[in-house]
Amino acid sequence: MLRFLPLFSLASAAHLYATHYSGSLSTLTLDRAANGSYALSIAASEVTCGGMPSWLTLDATTRTLYCSDETGDASTTGSLSTYTVGRDGALTQTAKVVDVGGPVNSIVYEGVRGEKYLAIAHYTGSAVTTFSLPIQPSSKPHQVLRYTLPHPGPRPEQDSPHPHQVILDPTGAFILIPDLGADQVRVYAIDKHTGQLDACPSLEFTPGSGPRHGVFWSSADAVQRGSRSRRPGHAAETFLYTVSELSRHFDAFAVSYPAAGCLAFHRTQDFIPYPGGETPQGASLAEIRLAGHNLYASVRSDHAFKPNDSLVTLTRAHNGTVALRELTSAYGTVPRTMVINKAGTLVAVGDQASANVAIIARNPKSGKLGDLVASVQVGEPGKPGTSTGLSSVIWAE
């Protein structure tokens, strides 16, 4: 069987990819000098992923990059573009297909024999679509799930369903969709033989919450990483952590797996993850990431490090309790996306309004975030609250 090497293995520099709502898809190069200093630069930029590139997903095993174009809504269309990733990080477009409008997030999942699929959340499209992989120029959605609301939610942003993310559970058997408009996380069981998503009962949130993003933690994953938090012979512990954009709450759920059927959830915590328990007026939570026993959430428009916004670090105790650790700078404004490299040593923050990618040092043992080590402007600054500016960033690994 042919095995691909990690994308960094044949190059001295690290690569990242970033999209800007003006239409650009950029390849970034992060060089490290002998003295340990970093330099981040734009190696290439192209306009091939539609008018409003919004999200990037990389399948490193097939060296394929998926780029969604947020153009469109429930009645019009967006697009999905695919690229092969060269050994030097260079991109070659291989297909561009029509999709439901308003895509904002995607993830790769697998079938029983290793078949691959891409699931995509559509914010303004009020839908989730899936595609069989690989994408061909003639490909059409494998499945389209459209949503409606019986009545609008309590917040103006909740005029219709707004799926905002696709989350794969640690077993690879379930997909979760935080829906900001419907105040729920939609849950689906994956039919491993067909790749179809079968509906399970949703995880309901308080009206007006607006769940946006989430992440799983599993003791089984912790054991694989070298942690001793799970004793041999004991079932894996699993938690789901979410951040809600509108209420600005962090929620923790203990997740259980019945012998047959769907997931079960028990809420264990619910609080605002900010010093003093309240965010400044106009601030909101966006991204949440997990590395080891630390969680990181981005806080948009709090201006805590004027003019910059913030990242909040949360620490997970062995009993599953999560507590606020510290607030640090996002080194830009409106941090929309945030990704940690596999080594756990660097965090790339996509600051939407200031339209820069900020690279922040991270201590992989303690989880503490450090200083800004590099930054680069990627396109024109955006306006907070609009689909302008930097839209996404990922590591090429």
>> Restricting to segment 253-291, and then to whatever is out of contact with any Asp or Glu (no Cβ under 7 Å at 6 or more places or on another chain) and of a type in the set (D, E, K, R), can you tell me which residue is surrounded by the fewest Cβ atoms within 10 Å (Cβ to Cβ)?
In response: Glu278
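Given the options Ser202, Ser160, Ser138, Ser126, name the one that is in contact with a Gly (Cβ under 8 Å, 6 or more places away or on another chain), open to solvent by 20 Å² or more (accessible area, probe 1.4 Å) and among the small types (Gly, Ala, Ser). Step through it out loud before you land on a result.
Numbers: Ser202 fails: in contact with a Gly (Cβ under 8 Å, 6 or more places away or on another chain); Ser138 fails: in contact with a Gly (Cβ under 8 Å, 6 or more places away or on another chain); Ser126 fails: open to solvent by 20 Å² or more (accessible area, probe 1.4 Å).
None of the others qualify; the one that does is Ser160.
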> Mind checking which residues of segment 141-156 are more than 18 Å from Gly195 (Cβ to Cβ) and surrounded by 15 or more Cβ atoms within 10 Å (Cβ to Cβ)?
Replying inline: Tyr147, Leu149, Gly153, Arg155
> If the Cβ limit is 9 Å and pairs must be 6+ apart or interchain, which residue in segment 21-47 that is more than 25 Å from Tyr66 (Cα to Cα) pairs with which residue that is of a type in the set (S, T, N, Q) and in a loop (DSSP other than H, G, I, E, B)?
Replying inline: Arg32/Ser12
>> So, in segment 309-323, exactly how many residues are touching a residue at least 60 places away in the same chain (Cβ under 8 Å) and surrounded by 24 or more Cβ atoms within 10 Å (Cβ to Cβ)?
In response: 0
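So, restricting to strands (runs of 3 or more DSSP E) that lie completely within segment 297-397, which ones have at least 2 residues that are hydroxyl-bearing (Ser, Thr, Tyr) and more than 23 Å from Leu56 (Cβ to Cβ)? Step through it out loud before you land on a result.
On the way: elements: 310-316, 322-329, 335-340, 346-351, 356-362, 369-377, 390-395.
Qualifying strands (runs of 3 or more DSSP E): 310-316, 322-329.
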> Taking only pairs six or more apart or across chains, which ones have beta-carbon atoms under 7 Å, a first residue in segment 294-308 that is at positive phi, and a second residue that is part of a loop (DSSP other than H, G, I, E, B) and crowded, with 24+ Cβ neighbours inside 10 Å?
Replying inline: Ser301/Asp309; Ser301/Val334; His303/Asp309
>> Cβ-Cβ distance below 7 Å, separation of 6 or more or different chains: which pairs start in segment 238-267 with a residue that is in a strand (DSSP E or B) and end on one that is open to solvent by 30 Å² or more (accessible area, probe 1.4 Å) and among the hydroxyl-bearing types (Ser, Thr, Tyr)?
In response: Ala252/Thr268; Phe253/Thr268; Ala254/Thr268; Ala264/Ser256
>> Only one of His122, His142, His213, His162 is touching a strand residue (DSSP E or B) at 6+ places or on another chain (Cβ under 9 Å) and either of a type in the set (Ser, Thr, Tyr) or under 19 Å from Ala252 (Cα atoms) (or both). Can you tell me which?
In response: His213
>> Quick check on segment 324-336. Is at least one of its residues farther than 20 Å from Val104 by Cα, modelled with pLDDT of 95 or more, of a type in the set (A, V, I, L, M, F, W, C) and crowded, with 24+ Cβ neighbours inside 10 Å?
In response: yes
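How many residues are part of a strand (DSSP E or B) and open to solvent by less than 10 Å² (accessible area, probe 1.4 Å) when one looks only at segment 31-58?
Final tally of qualifying residues: 3.
For (1) open to solvent by 10 Å² or more (accessible area, probe 1.4 Å); (2) in contact with a Gly (Cβ under 9 Å, 6 or more places away or on another chain); (3) modelled with pLDDT under 95, each residue gets a yes or a no:
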{"residue": "Arg63", "(1), (2), (3)": "yes, yes, no"}
{"residue": "Asp88", "(1), (2), (3)": "yes, no, yes"}
{"residue": "Leu91", "(1), (2), (3)": "yes, no, no"}
{"residue": "Pro103", "(1), (2), (3)": "no, yes, no"}
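The values are calculated or read from the model by the stated rules, or taken from the named source; none is laboratory data. Being a predicted model, the structure only gives us computed values, none of them experimental. As a convention, Cβ positions derive from the backbone with ideal geometry for all residues, glycine included, and neighbour counts pool all protein chains shown. Areas reflect the complete protein model, heavy atoms only, side chains present, ligands, DNA and RNA absent. Shrake-Rupley method; radii C 1.70, N 1.55, O 1.52, S 1.80 Å.
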